[in-house]
1. Give the residue, chosen from I172, I229, that is surrounded by 21 or more Cβ atoms within 10 Å (Cβ to Cβ), more than 16 Å from ligand 1 (Cβ to nearest atom) and either of a type in the set (V, I, T) or at negative phi (or both).
2. Working only within segment 201-230, note down all residues that are in contact with a Phe, Trp or Tyr (Cβ under 6 Å, 6 or more places away or on another chain) and under 20 Å from V26 (Cβ atoms).
3. Working carefully through the options F218, F161, find the one that is more than 26 Å from T246 (Cβ to Cβ) and among the aromatic types (F, W, Y).
4. Output the qualifying pairs, or none if there are none: Cβ atoms under 6 angstrom, residues six or more apart or on different chains, first residue in segment 145-158 and touching a residue at least 12 places away in the same chain (Cβ under 8 Å), second residue assigned to a loop (DSSP other than H, G, I, E, B) and hydrophobic (A, V, I, L, M, F, W, C).
5. Could you name every one of the helices (runs of 4 or more DSSP H) located completely within segment 176-256 that has at least 3 residues being more than 16 Å from ligand 2 (Cβ to nearest atom) and among the aliphatic types (A, V, I, L, M)?
6. Being of a type in the set (G, A, S) and open to solvent by 80 Å² or more (accessible area, probe 1.4 Å) is true for just one of S153, S126. Which residue is that?
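The values are calculated or read from the model by the stated rules, or taken from the named source; none is laboratory data. The structure displayed is predicted, hence computed values, not measured ones. Note: ideal-geometry Cβ built from the backbone for every residue, glycine included; neighbour counts use all protein chains shown. The accessibility values were calculated without ligands, DNA or RNA, using every heavy atom of the protein model including side chains. Shrake-Rupley method; radii C 1.70, N 1.55, O 1.52, S 1.80 Å.
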Amino acid sequence: MMEQKSSEKNSRAEKKSSVIIRNLSVTYRTEPALWNIDLDLPDGKMIAIVGPNGAGKSTLIKAVMGLVPITAGKVSVFGKSYSKNRNKVAYVPQRGSVDWDFPTDALDVVEMGLYGKLGWFHRPNSKTRDLALECLDKVGLSDYAERQIGELSGGQQQRVFVARALAQNAQIYLMDEPLNGVDAITEKTILSILENLRKEGKTIVMVHHDLQTVDKYFDWVVMVNRNLIATGPIKEVFTKTNLDRTYQEKQRMSIQ
Ligand code: ADP
Ligand code: MG
């Protein structure tokens, strides 16, 4: 069958990929969270990462940035290690993974996203403040600039992190469930911002849990459950067969 043929595990990227993952395994304790992943993330696409809870989706995103110990394999970002190209990558962490108790306001959170770009010797100034405000405005939060981050709703906190990623003016946006807990209007706002970035040639990589909207919002999918199940254009890869394989009982066989 045509469909089966084209939904092979590593459907070839049509174009250049600036994030290349080879042989990647990540083990936190004894069991691997990711096992032997080979993956190219094509430039200029809206890419969804899908898979059940605990599948290793967040781990995959973190591994690109070296935020988790890599047990085996390699990740390259624009042909180099992430640390050499960190300015080209913006990250929106999964909500709940951030400690909201520290005393800082929304504007600070956005500005802090710029430190990596400026270097540690550059203190924030009126220019960075204006840029941060502009980005808060883009996500509809200019009225909340001075609100303590812990005092914002979950959806508003998400938007602050999206604004922070925008301020970084990166090439690749790694986002861990940025639509989680946001209302329908916010979802639309965030998606149209991301769509504009994609039109500028940026790459959006988003962990996404709503399978109903995958084909509407994205043009590329990465299906993961500890192993890479499939990756490629939505039309070819996002099939029932691959969904069944992704959401079946956690794959343990490959290591035991
Ligand atoms: P997902 O984002 O797909 O829900 P994660 O990448 O967060 O999955 O987690 C994958 C697996 O790794 C899970 O079994 C999780 O419990 C485990 N895990 C994640 N982070 C840690 C950590 N810091 N220490 C130990 N185990 C972890
Ligand atoms: Mg996660």
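1. I172
2. Selection gives R226, N227.
3. F161
4. I149/W100; G150/W100; G155/V182; Q158/V182
5. Output list reads 184-199.
6. When all the criteria are applied, what remains is S126.
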